[in-house]
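This report refers to the structure that appears directly beneath it.
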Amino acid sequence: MKYLVTGGAGFIGSAFVRLVMRTQPSARVVNLDKLTYAGNLENLTSVASDARYTFVHGDICDKTLVDSVMREQKPDVVVHFAAESHVDRSILSPAPVIETNLIGTFTLLEAARHHGLQRFHHVSTDEVYGSIDSPHEADEDYPFHTSSPYSASKAGSDLLAQSYFTTYKLPVSVSRASNNYGPYHFPEKLIPLMISNAMQDKPLPIYGDGMQIRDWLYVDDHCRGILAVIEQGRAGEVYNIGGNCSLPNIEVVKRILKALGKPDSLMQTVKDRPGHDRRYALTNTKLTRETGWEPQMTFDEGLQQTIEWYRANPEWVARVFSGEYRNFYETNYANR
Ligand code: NAD
Ligand code: DAU
């Protein structure tokens, strides 16, 4: 099996590449990544010298490049992670989000249409369902209701991918996952931001009242779920992947502070995110029924492992902090 993974140097894509290389001895992986601020080849040092792994530095919006990668590498399966993935950045600067998430996905689908593939798997998100009132949970037929340029772009690319199955019979599958966490997570997102700030005794910025609810999914559980969809799920279908772990943000942050032995007084309420979705909730029933997949990691164990990873990798964190991240942090948090 040969996988073409897009965005394989990012947080989830790199976990997927490491998982495939670890568990499928005969698999080959081609990683196509532009190396934006979020792409980091240090996430892949464990596989970089493996003959089964190839890195291609490039943009999924580049039609000529994407066509030539498809033609020369002849993948069996495309797993499409590459995206601008951060809601706050999409609010500050929507253009790259629209470019990569919509045009990039379109470029890949067009290239895939002309090359025989066993599967084109599109990695989508539970954010397409928008905010959901308790006690309801989204199944795969739940209507879309997007709030940010990020979620709107993901909704568009999700529908576009499905249209290539309906119209062109490209064997597309889509998964919609909840909030991931784990090692190598870029510290612009809630959990790694709070861990790294707390470790440095810096304030922890809580948007609004902190009672927004997210479902937390350990990154390796997500990647196993994607493999389950590719191997056992049906083309033309959508599968939710959630962690069965709904928590208000404030509870997540308190658990991080407790695990690090830091005081709750580090939390600082700041101005809310515009258009902030209140509650995400989804059900995994379809994926579990069809493939037997279930999340394996408990939140407390996953959080402990994540914290230990950040403790053990101060150089990784320091290098991320020394780059473009500093400017983003200033822009996003200075006037909150
Ligand atoms: P990330 O921001 O950590 O990584 C994105 C990767 O894509 C980076 O390596 C980046 O260099 C690459 N990339 C960006 N633009 C590119 C382009 N034009 N061409 C080629 N490569 C490009 O993202 P992530 O958190 O790992 O998310 C991966 C995917 O999973 C995204 O599609 C995201 O929407 C989806 N998702 C994320 C979560 C989450 O909680 N993080 C949950 C559900 C779904
Ligand atoms: O639900 C899946 C989505 O989860 C993915 O599609 C996105 O790619 C991913 O970024 C994530 O989106 P969120 O907006 O939910 O994640 P984020 O970590 O940015 O925020 C989680 C919650 O924490 C949200 O309610 C906003 C809040 N928050 C976030 C940051 C960064 C804060 O209160 N303070 C912060 O500084």
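The values are calculated or read from the model by the stated rules, or taken from the named source; none is laboratory data. Nothing here was measured: the structure is a model prediction, and the numbers come from that model. A quick note on method: Cβ atoms are made from the backbone with ideal geometry, for glycine too, and the neighbour counts reach across all protein chains shown. What goes into the accessible areas is simple: the full protein's heavy atoms, side chains included, and nothing from ligands, DNA or RNA. Shrake-Rupley method; radii C 1.70, N 1.55, O 1.52, S 1.80 Å.
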Mean accessible surface per residue for the range 271-336, computed with a 1.4 Å probe while every protein chain stays in place, in Å²: 56
Lysine pair count for the chain [Cα-Cα under 18 Å; pairs on different chains or 8 or more apart]: 12
Of GLY182, HIS115, VAL172, farthest towards positive along the dipole that unit charges on Lys, Arg, Asp, Glu beta carbons give the range 61-210: HIS115
For the range 198-313: relative contact order, % (alpha-carbon pairs under 8 angstrom, 6 or more apart): 43
Most to least packed among 102-114, 4-16 [average Cβ atoms within 10 Å]: 4-16, 102-114
Separation between Cα centres of the range 104-168 and the range 195-236, rounded to whole Å: 18
Sequence-distant residues sharing a close amide H with ILE241 (under 5 Å, placed H): ARG176, ALA177, SER178
Share of carbon and sulfur in the accessible heavy-atom surface of the range 20-176 [1.4 Å probe, %]: 53
The range 227-294 - charge dipole about Cα centre, Lys and Arg +1 at Cβ, Asp and Glu -1, debye rounded to 20: 320
Accessible-area composition of the range 232-307, carbon plus sulfur, in percent [1.4 Å probe]: 45
Spatial separation of Cα centroids for the range 25-85 and the range 263-336, in angstrom: 24
Relative compactness, the range 195-258, computed as alpha-carbon Rg over 2.2 N^0.38 Å: 1.52
Backbone N within the range 113-137 under 18 Å of label point (7 Å from TYR168 Cα along the Cβ vector): 113-123
Å² per residue, accessible surface of the range 1-148 at 1.4 Å: 42
MET1/GLU315 FRET efficiency (R0 30 Å; Cβ-Cβ; nearest 0.05): 0.30
Point-to-point label distance, LYS258-GLU42, nm (Cα→Cβ direction, 7 Å offset): 3.1
The chain, relative contact order in percent, only Cα pairs under 8 angstrom and at least six apart counted: 17
Cα-centred dipole magnitude for the range 168-278, charges only on beta-carbon of K, R (+1) and D, E (-1), debye, nearest 20: 80
Accessible area of the range 156-218 divided out per residue, in Å², using a probe of 1.4 angstrom: 29
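Count the DSSP beta bridges whose two residues both fall in the chain, then state the antiparallel fraction as a percent rounded to the nearest 5.
Percent antiparallel among DSSP bridges in the chain is about 10.
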Efficiency of FRET from Cβ geometry, THR23 and ILE103, R₀ 35 Å, rounded to 0.05: 0.60
Average projection area in nm² (convex hull over Cα atoms of the chain, one quarter of hull surface): 15.6
The chain, helix-only ellipticity at 222 nm - DSSP H runs n ≥ 4, -39,500 (n - 2.57), divided by all residues, nearest 500: -12500 deg cm²/dmol
Segment ASP133-GLU301, length gained on full extension (0.36 nm per residue, minus Cα span): 57.7 nm
